[in-house]
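To start, the structure itself, in structure tokens.
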Amino acid sequence: MKICVTGGMGYIGSHTVIELIKKGHEPVIVDNLVNSNPEVLNRIKKIVKVKPKFYEIDLRDEKKLDKCFQKEKFDVVIHFAGLKSVGESVKKPKLYYDNNIGSSKVLLKVMKKHKVRNIIFSSSATVYGVPKHVPLRETDPVGKAANPYGQTKIEIEKILMKVAKEDKKMNVVLLRYFNPVGAHESGLIGEDPNGIPNNLMPYITQVAVGRRKELTIFGNNYPTKDGTCIRDYIHVVDLAMGHLAALKAIKKKWGLKIYNLGTGKGTSVLELVKAFNRANKLKIKFVYGPRRPGDVVKNYANASKAYKELNWKATHSIVDMCRDSYNWQKKNPTGYQKAKK
Ligand code: NAD
Ligand code: UD1
């Protein structure tokens with residue numbers, strides 16, 4: 001299939017492009033490089049021996065996007081593109097609404113014009129808000145967003161639900177990711193956050209390579225087994241495979257489908273640090289600090305719907321995730337920074 005991969009130069013998109021090429025699909029990347037580096041294309045080529053086609057386009061540029069769709073004749077769109085920094089979204093909410101919601105609207109308009117009727121969208125577990133219980137099921141209510149980034153995911157889901165309802169020819173798949181970590185086993189591609197990482201795993205790997213002095217664990221007095229928060233970490237390659245499973249399952253008149261992509265297993269912050277140490281024979285220095293405002297205590301998926309309907313489940317362990325995250329960071333201590341933009 002010929003697939004338009006928006007945001008395909010980014011962390012999850014680049015891993016998915018690799019798996020798509022491996023399965024014989026033809027991904028075409030559309031990305032404005034606002035949070036990625038062109039070096040990603042060379043790395044993909046090193047891994048799969050194919051350099052995917054790349055259009056440097058801001059999705060909000062309807063004219064350019066229209067031209068690209070005119071030329072390429074896509075079967076499906078996988079829509080990863082978006083800004084994702086929670087902290088930045090609090091400071092610049094308008095930018096987030098404009099970029100994430102605005103670009104999704106333009107994309108849908110162009111898809112309609114060119115009769116592209118299949119879209120797989122990168123949503124997030126953040127749409128559940130503060131969970132009343134875990135594990136979370138797709139039938140659980142969408143909650144109140146904790147920040148503007150989360151609000152954009154809720155709004156885009158709503159827009160896509162409406163599109164699926166109004167146009168019976170459209171197939172819309174909402175994939176709600178839990179906590180993506182890890183990297184391709186080659187260590188050639190991985191997560192490369194700007195500035196001080198907000199998320200746990202990139203912070204740990206930067207401590208491991210000496211870029212940061214120590215990890216601060218945000219709170220150790222939560223009502224959990226060791227007092228630290230619980231999340232559902234999922235290997236990025238498993239996540240990529242989830243997109244392939246969705247792609248395979250899309251049928252005519254499928255309509256709207258929603259799936260959690262998680263492992264179904266909760267891991268505490270302390271457990272993750274210990275697993276990282278075990279996997280890499282290291283001792284990550286950490287201190288306990290105050291709770292992070294807005295943190296959810298426990299968040300993990302019931303991922304059985306994706307297994308039942310897509311025949312997909314995560315196969316990588318926490319140790320695999322820790323080993324591959326460190327392998328990437330060790331081989332690229334400053335990320336893609338050395339490679340020229
Ligand atoms: P990323 O920042 O690495 O990749 C996103 C890509 O989108 C980047 O390459 C960026 O340049 C591009 N982009 C942003 N705005 C664009 C625009 N207007 N036009 C064209 N390209 C644009 O992020 P990621 O971690 O790979 O996440 C991919 C998607 O998954 C995002 O939508 C994100 O919100 C969602 N998601 C991520 C996580 C996570 O923890 N990484 C969790 C849940 C959901
Ligand atoms: C965060 C975002 C969420 C987003 C998700 C995936 C917030 C409030 N939420 O969620 O919207 O969808 O990332 O990108 O930012 N931790 C530490 N020390 C650190 C970093 C994190 O102890 O330096 C802890 C956190 O308190 C949390 C756990 O590690 O308990 C995981 O944190 P993180 O990686 O930021 O993911 P989420 O909190 O799930």
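Computed quantities for the displayed model
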read-out	value
Residue-normalised accessible area of segment 222-269, expressed per residue, 1.4 Å probe, Å²	35 Å²
Ratio of the Cα radius of gyration of the chain to 2.2 N^0.38 Å, where N counts its residues	0.95
Of all accessible heavy-atom area on segment 61-103, the percent that carbon and sulfur account for (1.4 Å)	57 percent
Approximate spin-label separation Y97-K169, in nm, with each point projected 7 Å along Cα-to-Cβ	3.3 nm
Solvent-accessible area per residue for segment 271-341 (1.4 angstrom probe, square angstrom)	61 Å²
Simple spin-label estimate for N277 and K251 in nanometres, 7 Å along Cα-Cβ	5.1 nm
Two-site label geometry, Q70 and T216: point separation in nm, points 7 Å out along Cα→Cβ	5.3 nm
Length released on extending from D61 to D226, taking residue separation times 0.36 nm less the Cα-Cα span	54.5 nm
Accessible area per residue in Å² at 1.4 Å probe, computed on segment 76-159	46 Å²
Portion, in percent, of the accessible area of segment 111-232 that falls on carbon or sulfur, probe 1.4 Å	51 percent
Net length gained if the chain between K285 and T139 were fully extended (0.36 nm per residue, minus Cα distance)	48.6 nm
Antiparallel %, DSSP beta bridges [both residues in the chain], to 5	5 percent
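The values are calculated or read from the model by the stated rules, or taken from the named source; none is laboratory data. The structure presented is a predicted model; accordingly, all values stated were derived computationally and were not measured. Counting neighbours? That spans all protein chains shown, and the Cβs are built from the backbone with ideal geometry, glycine included. For the accessible areas, the whole protein counts, side chains as well, though only heavy atoms, and no ligand, DNA or RNA atoms are used. Shrake-Rupley method; radii C 1.70, N 1.55, O 1.52, S 1.80 Å.
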